1. Compare His113, His185 by solvent-accessible area with a 1.4 Å probe and give them largest first, with all protein chains kept in place.
2. Against the longest principal axis of the chain, how steep is helix 29-38, in degrees 0 to 90 to the nearest 10, with axes from Cα atoms?
3. Asp405's amide H: which non-local residues (gap 5+, or another chain) put their own amide H closer than 5 Å, with H modeled 1.01 Å from N in plane and none for Pro or chain starts?
4. Cysteines of the chain lacking any other cysteine beta carbon under 4.7 Å?
5. With the full set of protein chains in place, find how many percent of the accessible area of the stretch 210-271 is carbon and sulfur; take the probe as 1.4 Å.
6. Assuming R0 = 25 Å, what is the FRET efficiency of Asp323 and Gln504, from their Cβ-Cβ distance, to the nearest 0.05?
7. Only sites in a loop by DSSP and with at most 13 other Cβ atoms within 10 Å count here; which chymotrypsin sites (Phe, Trp or Tyr not before Pro) in the stretch 124-221 make the cut?
8. Spelling out what I want: for every residue of the stretch 440-451, take phi, set θ = phi - 60°, compute 6.51 cos²θ - 1.76 cosθ + 1.60 (Karplus), and round to whole Hz; glycine and proline get x.
Amino acid sequence: MSRLRRGAEQDTRIGFRSERRDCSASVPQGLLKAARKSGQLNLSGRNLSEVPQCVWRINVDIPEEANQNLSFSATERWWEQTDLTKLIISNNKLQSLTDDLRLLPALTVLDIHDNQLTSLPSAIRELENLQKLNVSHNKLKQLPEEITNLRNLKGLYLQHNELTCLPEGFEQLFNLEDLDLSNNHLTTVPVSFSSLFSLVRLNLSSNQLKNLPAEISGMKRLKHLDCNSNLLETIPPELAGMESLELLYLQRNKLRFLPAFPSCKLLKELHVGENQIEMLGAEHLKHLNAILVLDLRDNKLKSVPDEITLLQSLERLDLSNNDISSLPYSLGKLHLKLLALEGNPMRTIRREIINKGTQEVLKYLRSKIKDDGPSQSDSVIETAMTLPSESRVNVHAIITLKILDYSDKQTTLIPDEVFDAVKSNIITSINFSKNQLSEIPKRILELKDMASDVNLSFNKLSFISLELCMFQKLTFLDLSNNQVGSVDPEKLKTMENLITLDLQNNDLLQIPPELGNCVNLRTLLLDGNPFRVPRAAILMRGTAAVLEYLRDRIPT
């Protein structure tokens, strides 16, 4: 039996009837007709104070055009049209939704963000096929228990509401992968959250949380945890055992100590700025093999340990506004893109050097290192094929850090010896930045089943090649400062695990709206390109806002 007939039988009071003619004032008939063919209806930004009946009944009632003695072709028979699967009614003035919501049981996407909803109807339990529900930027004070019936839900977006707690049985949403509860009034995280085994991203920022339950470590697939802007004084040590964690945000809390992260081998970004941390020790650093970004600004640190040099992948280190008076000279060995030192009582480095920027500071620190001979981290292999300066391969990085690094060589191609040096070792990160590459080396495909992190910044690449799309584990891709002129959303969608995409300072003249469908992206950097839209004001609102903006402009 078709869903259309089921929907009609559920409403036994009236059964099939003709579409209400008073609907056309708020929803054009052409839009409804197109929706019956595509299964998608976008009513965002139409100043609606309520959802017209013809929308709820789109798969139940006889269409208006069927009553105009029109001959329907085989492709236009209304009773065979597509059930509505995607309904967007965002950016309106809705204060409530009726139980007629149940007349759309085929919905997989319901987007009602930026309205004035204070509650959701209990009939939402009927939407058993729903995979994405966006109710962000409303006035919800609580959720109906019936929401826990949505067992196929993968994305639930509840940010910017007035929630103080979550309903019993929330852990039954066991297929949930993306949950955003930021900017609410939550004071606790239910212990039962540990049963959300499929969760990949959890945003709890801007709430009133004083602690996190140790059971949160049960989320074995969690990659992205955002707890910025809460009242956290400690972090449960169990959190250090979350093996899949890649991005951890703990800014603007009340932390005095930083936990060690012995099992977080994949952690790429750790943001603990604006806390009260007084000490950074070797135990905090020695396990962070994959770390790219370490944000420690606005704390009470007095020193930086020599072990900071263990972080061979580190690109951005923010130490601004602490109590640091000196830095270990060995810091100069790191290949940092950004070293922020402002607001420290620095005595060992002159202000004029700091003012010249990161590279000058690193150069100064290197000049102070005593010549003690090559360290283990400097072990290299040289080949007779090329000049020694061109062929240095960091074997230590390959074996112990799982990084294939051939950066800052200004070469137009990567020598075979670089790939040969991998041998049978596992490689998770590739760094070919600061060269003159105009195309991706073909042999990079030898690493497609291993690498999760690829840095090709500061080259001469003009497009995102098919080779990169074959990296199924890719989570971080840096193509900044190249000559990329266009983006193919279909290619990017094949990179299902991609979380961070850096396209800053390229030649992008336009951003295709379909890029908004790359919902896995958590960090999309587009500054420094010549396109006009999205405007800078949209870009400043962050990745989620940019993707939402693009999605709303996809032709329906």
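1. These residues rank, largest area first, as His185, His113.
2. The answer is roughly 60 degrees.
3. When sequence neighbours closer than 5 places are left aside, the close amide H contacts are Asn394, Asn431.
4. Within the chain, the cysteines lacking a partner Cβ under 4.7 Å are Cys165, Cys227, Cys264, Cys469, Cys518.
5. After summing per-atom areas, the C and S share lands at 52 percent.
6. 0.20
7. Taking the stretch 124-221 and a limit of 13 other Cβ atoms within 10 Å, the loop chymotrypsin sites (Phe, Trp or Tyr not before Pro) found are Phe174.
8. Whole-Hz 3J(HN,Hα) from phi for the stretch 440-451: 6, x, 4, 6, 4, 5, 5, 10, 5, 8, 10, 6.
The values are calculated or read from the model by the stated rules, or taken from the named source; none is laboratory data. As the structure is a computational prediction, the values presented were derived from the model and not from experiment. Quick reminder, even Gly has a Cβ in these numbers, built from the backbone with ideal geometry, and neighbours come from all protein chains shown. Just the protein is used for accessible areas: all its heavy atoms, side chains included, with ligands, DNA and RNA removed. Shrake-Rupley method; radii C 1.70, N 1.55, O 1.52, S 1.80 Å.
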